[in-house]
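The values are calculated or read from the model by the stated rules, or taken from the named source; none is laboratory data. Because the structure is a prediction, the values reported are computed rather than measured. Cβ: placed from backbone, ideal geometry, glycine included. Neighbour counts: every protein chain shown.
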Amino acid sequence: MAPRRKKIYEGKAKVLYEGPEPGTLVQYFKDDATAFNAQKKATIEGKGVLNNRLSEYFMTGLTNIGVPNHFIRRLNMREQLIRQVEIVPLEVIVRNFAAGSISKRLGLDEGTPLPRPIVEYSYKNDALGDPLVPEEYIIAFGWANQQDLDDIVSLALRVNDFLSGVFYGVGIKLIDFKIEIGRVWDGDFMRLIVADEISPDSCRLWDIKTNQKLDKDVFRRDLGSLTDAYSEVARRLGVLPTNATNIKPTLIN
Ligand code: TMP
């Protein structure tokens, strides 16, 4: 198949193509899943379609409550039109309950409530395995300044409150998530907006009653079918029809 558009960047789960207008990009969601800095890899049929839909759902919700983000509109099953941003080279992680790396680092049982939402940063660098970094490093190396960090925390906490509520409404506990932040310019004025994606690839989601995992930990820890888990999230949110058993016939543009 001849490429329709110029490829700008290819990551582990998505590809960015030149957009139809200046300042826009097309974000394509692949079926590829990776974990542990791509030491574990698989192709999971339908994941890209689900994440395209789910990221559209969350970003649209954020727009509707006034949280600026890169989403413009969905183009088709696997692609969405987004604003071109300059990505801040940080993974911004918000945790409500202990799990994953904080559990390991501090010896906390997974699921332990944290005293308050904790925001932390990893430096986006695959060769280094995205190391956790303190604000001191971020400012000293100029990845963001203090004002940017204040704005980033404020965005991250608004996203946390929004997502926690949306998931709570469908019986899911938001344990933690990761977002990325982009810079956009309106003339000389720089603003920070939510970018990348919000999907079960970048969240930890547990069923409130059973603690069943409905996120990428299913793949990381070999807990079953990732497509089933993500379809369940989509179905609960009404992004998939409740009676859908197979995403292929039901998720037609
Ligand atoms: P962690 O417990 O492994 O630090 O992960 C915290 C959250 O960030 C979890 O929801 C998964 C997400 N995350 C990503 O989206 N990408 C990554 O590369 C990593 C390490 C975590």
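Inside the stretch 134-152, can you point out the residues that are within 16 Å of the ligand (Cβ to nearest atom) and either more than 21 Å from GLY100 (Cβ to Cβ) or touching a strand residue (DSSP E or B) at 6+ places or on another chain (Cβ under 6 Å) (or both)?
ILE152
Check the stretch 188-199 and report whether any residue there is more than 27 Å from ASN37 (Cβ to Cβ), of a type in the set (A, V, I, L, M, F, W, C) and more than 11 Å from the ligand (Cβ to nearest atom).
Yes, some residue in the stretch 188-199 is more than 27 Å from ASN37 (Cβ to Cβ), of a type in the set (A, V, I, L, M, F, W, C) and more than 11 Å from the ligand (Cβ to nearest atom).
Just wondering, is there one or more residues in the stretch 30-48 that are β-branched (Val, Ile, Thr) and either away from the ligand (no atom under 14 Å from the Cβ) or more than 30 Å from ASP228 (Cβ to Cβ) (or both)?
Scanning the stretch 30-48 turns up at least one residue that is β-branched (Val, Ile, Thr) and either away from the ligand (no atom under 14 Å from the Cβ) or more than 30 Å from ASP228 (Cβ to Cβ) (or both).
If VAL159 meets every condition in (1) over 27 Å from VAL26 (Cβ atoms); (2) buried (at least 17 other Cβ atoms within 10 Å of the Cβ); (3) more than 11 Å from the ligand (Cβ to nearest atom) apart from one, which number is that one?
Among (1) over 27 Å from VAL26 (Cβ atoms); (2) buried (at least 17 other Cβ atoms within 10 Å of the Cβ); (3) more than 11 Å from the ligand (Cβ to nearest atom), VAL159 violates only (1).
Taking only the stretch 63-114 into account, find how many residues are of a type outside the set (Ser, Thr, Tyr), in a loop (DSSP other than H, G, I, E, B) and more than 25 Å from ALA140 (Cβ to Cβ).
17
Given the residues ALA229, ALA244, which is the only one that is of a type in the set (A, V, I, L, M, F, W, C), under 28 Å from ASN76 (Cα atoms) and modelled with pLDDT of 95 or more?
ALA229
If you scan the stretch 2-35, which residues turn out to be part of a loop (DSSP other than H, G, I, E, B), farther than 17 Å from MET77 by Cα and among the aliphatic types (A, V, I, L, M)?
ALA2
Of the residues GLY23, GLY11, which is within 30 Å of GLN147 (Cα to Cα), touching a residue at least 24 places away in the same chain (Cβ under 8 Å) and surrounded by fewer than 20 Cβ atoms within 10 Å (Cβ to Cβ)?
Going through GLY23, GLY11 in turn, the sole match is GLY23.
Would you say ASP176 is part of a loop (DSSP other than H, G, I, E, B), within 11 Å of the ligand (Cβ to nearest atom) and either in contact with a Lys or Arg (Cβ under 7 Å, 6 or more places away or on another chain) or basic (Lys, Arg) (or both)?
No; evaluated as a whole, the condition is false for this residue.
Could you say whether any residue in the stretch 122-131 is at positive phi and crowded, with 16+ Cβ neighbours inside 10 Å?
Checking the stretch 122-131: at least one residue is at positive phi and crowded, with 16+ Cβ neighbours inside 10 Å.
Condition (residue is within 13 Å of the ligand (Cβ to nearest atom), in contact with a helix residue (DSSP H, G or I) (Cβ under 7 Å, 6 or more places away or on another chain) and among the basic types (Lys, Arg)) applied to the stretch 122-133: is it met by at least one residue?
No, there is no match, as no residue in the stretch 122-133 is within 13 Å of the ligand (Cβ to nearest atom), in contact with a helix residue (DSSP H, G or I) (Cβ under 7 Å, 6 or more places away or on another chain) and among the basic types (Lys, Arg).
Got at least one residue in the stretch 65-86 being at pLDDT 95 or above, touching a Ser or Thr at 6+ places or on another chain (Cβ under 9 Å) and within 12 Å of the ligand (Cβ to nearest atom)?
No; the residues of the stretch 65-86 include none that is at pLDDT 95 or above, touching a Ser or Thr at 6+ places or on another chain (Cβ under 9 Å) and within 12 Å of the ligand (Cβ to nearest atom).
Which members of the stretch 89-110 meet the condition of being more than 9 Å from the ligand (Cβ to nearest atom), acidic (Asp, Glu) and within 12 Å of ILE152 (Cα to Cα)?
none
Run ASN51 past the list (1) polar (S, T, N, Q); (2) more than 23 Å from SER101 (Cβ to Cβ); (3) crowded, with 19+ Cβ neighbours inside 10 Å and report the number of the one that doesn't hold.
(2)
Determine which single condition ARG83 fails, assuming it passes every other condition in (1) in contact with a Leu (Cβ under 8 Å, 6 or more places away or on another chain); (2) among the basic types (Lys, Arg); (3) farther than 19 Å from GLY182 by Cα.
Just one mismatch for ARG83, condition (3).
Report whether or not ARG116 is more than 11 Å from the ligand (Cβ to nearest atom), among the basic types (Lys, Arg) and over 15 Å from LEU174 (Cβ atoms).
Criteria not met by ARG116.
Is it the case that the stretch 157-178 has a residue that's of a type in the set (Asp, Glu), in contact with an Asp or Glu (Cβ under 9 Å, 6 or more places away or on another chain), in contact (Cβ under 8 Å) with a residue 24 or more places away in the chain and closer than 24 Å to ASN51 by Cα?
No, that holds for no residue.
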